[in-house]
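Following: one structure in structure tokens, then a few remarks.
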Amino acid sequence: MTNSPTPRAKTAPFSRRRRRLIRYLAGGGLGAIALGLVRPETAASREPDLEYLCSMFPQNSRCLDYLPGFQALDEAEEPIAVNTFLPTTTPGEPVPVRGLPDAETSYLVIQTGPAIATYGIRPICPHRGCTVEWQGDQNRFICPCHGSQFDPEGRVVEGPADRPLPLMTVVERQNQIRLVERAPSVDPR
Ligand code: FES
């Protein structure tokens, strides 16, 4: 009768590999993970969280001194002060502003009050991406490429576009208007 290898002898190399893996995880691997978890929080690492929190929930108590996004500028590239700007606005008439890093004009939505809506219009046509223009005499945004039309809040009035104009988030803070590229978490239209 021949002696066949015992099951333990067959699995010995695998067991060694497993032990080495366990030692690695218990030492360097888990150590590195732990270091990552307990890494001291720096101002830079906190910044993205505050940016998100304070653009989505500007009334949060951590955000009283935080200015999210970019300051809105008028068409002459001057900072807009809310207290002098609001009396010059008309509810329902979008106001062109600059300030986002892409340097494109965006639009504030003016509501009854007058008040500045917490969302603004990015004039990018959802059909093929042309820049739409506000035509005050027609009370619409009109796309110069294929003629899509949108109401003052960016809803489609006439195609071929089949989606509304994209939004940005707008925050009023310390007499400034702050423009945040991210759209609000809920589209209010
Ligand atoms: S790109 Fe605006 S309608 Fe086509």
With label points built 7 Å along Cα→Cβ from the Cα atoms of residue 182 and residue 115, find their separation and express it in nm.
-> 2.3 nm
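Show me 101-113, 76-88 ranked by packing, highest mean number of other Cβ atoms within 10 Å first.
Working: 101-113: 15.2, 76-88: 11.5.
Taking the mean over residues of other Cβ atoms within 10 Å, the ranking is 101-113, 76-88.
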Projected label distance in nm at residue 64 and residue 130, using a 7 Å step from Cα toward the beta-carbon = 5.0 nm
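Measuring with a 1.4 Å probe in the full set of protein chains, what accessible area per residue, in whole Å², belongs to region 70-180? Each step should come with its number before you reach the end.
Numbers: 5280 Å² over 111 residues.
Here the residues of region 70-180 average 48 Å² of exposed surface.
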Using R₀ = 25 Å, calculate the FRET efficiency as 1/(1 + (r/R₀)^6) where r is the Cβ-Cβ separation of residue 145 and residue 84; round to 0.05.
-> 0.10
How many nm separate the modelled label positions at residue 57 and residue 74, each set 7 Å beyond the Cα in the direction of the Cβ?
-> 3.6 nm
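Using a simple charge model, +1 on the beta-carbon of Lys and Arg, -1 on the beta-carbon of Asp and Glu, nothing else, what dipole does region 96-185 show about its Cα centre, in debye to the nearest 20? Can you show the working numbers first?
Working: 9 positive and 10 negative charges, 51 e Å.
Value, rounded to 20: 240 debye.
The values are calculated or read from the model by the stated rules, or taken from the named source; none is laboratory data. Predicted model only: the values in this text are computed from it and were never measured. So basically every Cβ, Gly included, is an ideal-geometry build from the backbone, and we count neighbours across all protein chains shown. Calculation scope for accessible area: heavy atoms of the full protein, side chains included, ligands and nucleic acids excluded. Shrake-Rupley method; radii C 1.70, N 1.55, O 1.52, S 1.80 Å.
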